[in-house]
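Single-structure report; data block below.
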Amino acid sequence: MKSTNPNPDPSKPPPTTDSPRARSVTPILLDSEPRSRSSSAVMKPASIAKRPSAELKSPLPTFTNWNVSSELREVPSFYPLEKSSRFIEDTPSNIASRISDACRLMSVQATFDDDLGTANLITDDHVEIHLTLWKASRTEESDSGEEKVQTIVEAQRRKGCAVVFHRYCRNLLDAAQGCFDPKEEEIRNSCHRVELQKKDNNEGENSLLAIEIAASLIRKDRMDARRLGMESLCLLTDPTKTPMETALLASQIVLFGSAQDDMSQEADYISDELGIREAVLSLVQFGRLGDYCDYESDGEEEDNATGVEAEFNDVLHNLALAVLANALEVLETHGGSMARSETSKPPANTFLEESKEISKRELLSSLLNVLGKAESKPHDACLSAQCLRSLFQASKEAKRRARDLNAKQIVMTALDVGRRTHVKLENETENIMRELERPDEEEEDEDEVEGDQDSERYDDSEDDN
């Protein structure tokens, strides 16, 4: 029997083939120092994450919501650290204090665990972040011979957009290191806000098409489609992300269910089939979006929802509050153009009356109820405060009704929560308190001055014609 070996001569190299071949790899340890058992299996992050501690620029805050213990846990064996981590030469208590203050300045909802040294963060962009403080396995000695205390700060993205996560992660790690500047973050965010101008004559048709697509997504029975529809409405009603004409048209449909004739001849016909206003009111007041928008229900279905459905309902409720806040902001800015010609009532009063007829529930009471839950849901409370501020500035009747509903006490409680944990909530509740404390005589004088200015503009326009 002949041998089938194609290369009988062992001195010659074997012929090359296209099939893969296994190769033996010998691990090479670059670190010549011996390692302990606890640190030998830890996969450390890339060098870009191991930034050296810079000179502290910001002083330690006087108040903190995160009081960690001095003894942290070491990194477990075979635990790969995230690349979004940083080694900082400072005590855990100082690092936790800076992170807690940074969460307050960025208006991030935080739940701290003092014993484990962890924090669960939720941003207003629906990004969930898990922070962990680890004890460094090895310590270094300074020039004076004292051991340097090192702490590892690790950030993990649990949910949400990866791009938004990296922005928050960078700020949190900088805050832990003591070099976070909130003013620079405000400037960076303001650079993304660009006033959009009208580019073509078909802007109205394109706006109606976008609103129709959002309405069709909301009417679907799939939760992810409904979320996409509400996120689209958030963009369409935000003047900083869409042209003003589109934001004005979308806001009118959200608040009144229809648009004016002078903007689009097809708006009234199309908006009757959208159901956007009913969907937004259902989510804001009842926390859910039913197939038939049963407004007679007392909310038991929301309490029975569990798991993924309850989570989606919370997100939709937050998005609906954002849509309503954007629409009311446009109402406040362009209230004259949004007022209806057949009635002399302020558009805010018309909206409140029609919303009560649709949902059989008072909108101001629902918004104050959301604001009262500021401790557990500060993002929803902040959006509710924005809605209340716009309504109070646009309608004196809404302000009087809110005083009857004990709004001042609710706002004071939310203001205390905002001062401790949420800067945006603090600012909005302070604006509401100023509106509630303003006397009615001062408002009447301002209304008379505005009325005289409007009459002068009207007389000037008639003279021009």
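What follows is calculated from the coordinates using simple rules that are stated; it is not laboratory data. As the structure is a prediction and not an experimental result, all values here were calculated from the model. When we count neighbours, we look across all protein chains shown, and the Cβ atoms used for this are built from the backbone with ideal geometry, even at glycine.
Miscellaneous remarks
- Cα→Cβ-extended label distance, 7 Å offset, between Gln156 and Lys408, nm: 4.8 nm
- Cα-projected label distance for Lys241 with Glu212, points at 7 Å along beta-carbon direction, nm: 2.3 nm
- Residue separation of Val149 and Ser137 scaled by 0.36 nm, minus their Cα-Cα distance, works out to 3.3 nm of gained length.
- Calculated FRET efficiency for the pair Ala225/Leu60, C-beta based, R₀ 56 Å, to 0.05: 0.75
- A protection proxy built from the mean count of other Cβ atoms within 10 Å ranks the segments 81-87, 170-176, 110-116, most packed first, as 170-176, 81-87, 110-116.
- Thr111-Asn349 pseudo-label distance in nm [points 7 Å out on the Cα-to-Cβ vector]: 4.5 nm
- Long-range amide H partners of Ala259 with built H, under 5 Å: Asp268
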